[in-house]
1. Out of (1) of a type outside the set (Phe, Trp, Tyr); (2) open to solvent by 70 Å² or more (accessible area, probe 1.4 Å); (3) assigned to a strand (DSSP E or B), the odd one out for Glu6 is which?
2. In the stretch 58-70, which residue that is open to solvent by less than 70 Å² (accessible area, probe 1.4 Å) and of a type outside the set (Phe, Trp, Tyr) is farthest from Pro41 (Cα to Cα)?
3. Does Val24 qualify as being of a type in the set (Val, Ile, Thr) and either open to solvent by less than 30 Å² (accessible area, probe 1.4 Å) or not in a strand (DSSP E or B) (or both)?
4. Kindly list the number of the only condition in (1) surrounded by 13 or more Cβ atoms within 10 Å (Cβ to Cβ); (2) within 17 Å of Trp113 (Cα to Cα); (3) of a type in the set (Ser, Thr, Tyr) that fails for Ser30.
5. For the stretch 27-53, give me each residue that is of a type in the set (Asp, Glu) and either within 16 Å of the chain's Cα centre (by Cα) or not in a loop (DSSP other than H, G, I, E, B) (or both).
6. How about the stretch 100-122: which of its residues are surrounded by 12 or more Cβ atoms within 10 Å (Cβ to Cβ) and modelled with pLDDT of 95 or more?
7. Please work out if Glu43 is charged (D, E, K, R), more than 18 Å from Pro14 (Cβ to Cβ) and touching a strand residue (DSSP E or B) at 6+ places or on another chain (Cβ under 9 Å).
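The values are calculated or read from the model by the stated rules, or taken from the named source; none is laboratory data. Everything numeric in this text was worked out from a predicted model, so none of it was measured. As a convention, Cβ positions derive from the backbone with ideal geometry for all residues, glycine included, and neighbour counts pool all protein chains shown. With ligands, DNA and RNA removed, areas are computed over all heavy atoms of the protein, side chains included. Shrake-Rupley method; radii C 1.70, N 1.55, O 1.52, S 1.80 Å.
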Amino acid sequence: QVQVVESGGGLVQPGESLTLSCTVSGNFYSIYNTEWHRQAPGEQREFVAGLKIGGTVSYGDSVRGRFAISSDSAKNTVYLHMNNLTPEDTAVYYCHVVYTYTIGARHEDSDLWGQGTQVTVSS
């Protein structure tokens with residue numbers, strides 16, 4: 001069983017910073033892609049940032065230059081560092097993980113979404 005848990009959300013003022021964490025636990029072999037997405041009320045879910053095995057990173061247009069994604073492999077945790085936040089960044093932030101697990105001698109792929117963490121930017 002694999003679990004994905006986000007944390008670090010909260011209420012901040014415009015211009016402030018916040019760091020979200022996405023921690024993966026359980027019985028998996030490796031993680032090869034971790035992405036952050038967000039969804040504001042009444043809006044579609046939007047890609048924010050991604051980190052692939054090997055270190056390739058990518059960002060959505062609306063956050064490029066303000067957000068940064070990083071990881072601590074020893075903790076199986078990926079971070080989303082958010083700077084210069086604006087009210088338009090208010091949303092539930094979700095972590096999506098693509099991983100492999102082992103069944104006998106085989107490796108199988110799967111993916112999992114976390115439950116989300118609320119970020120509210122307001123004065």
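1. Tallying (1) of a type outside the set (Phe, Trp, Tyr); (2) open to solvent by 70 Å² or more (accessible area, probe 1.4 Å); (3) assigned to a strand (DSSP E or B), Glu6 fails exactly one: (2).
2. Ser70
3. yes
4. Just one mismatch for Ser30, condition (1).
5. Selection gives Glu35, Glu46.
6. Within the stretch 100-122, Asp111, Leu112, Trp113, Gly114, Gly116, Thr117, Gln118, Val119, Thr120, Val121 qualify.
7. yes
Okay, residues lined up against (1) assigned to a strand (DSSP E or B); (2) under 21 Å from Gly54 (Cβ atoms):
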{"site": "Ser70", "(1), (2)": "yes, yes"}
{"site": "Ala74", "(1), (2)": "no, yes"}
{"site": "His81", "(1), (2)": "yes, yes"}
{"site": "Leu85", "(1), (2)": "no, no"}
{"site": "Val92", "(1), (2)": "yes, no"}
{"site": "Val98", "(1), (2)": "yes, yes"}
{"site": "Asp111", "(1), (2)": "yes, yes"}
{"site": "Val119", "(1), (2)": "yes, no"}
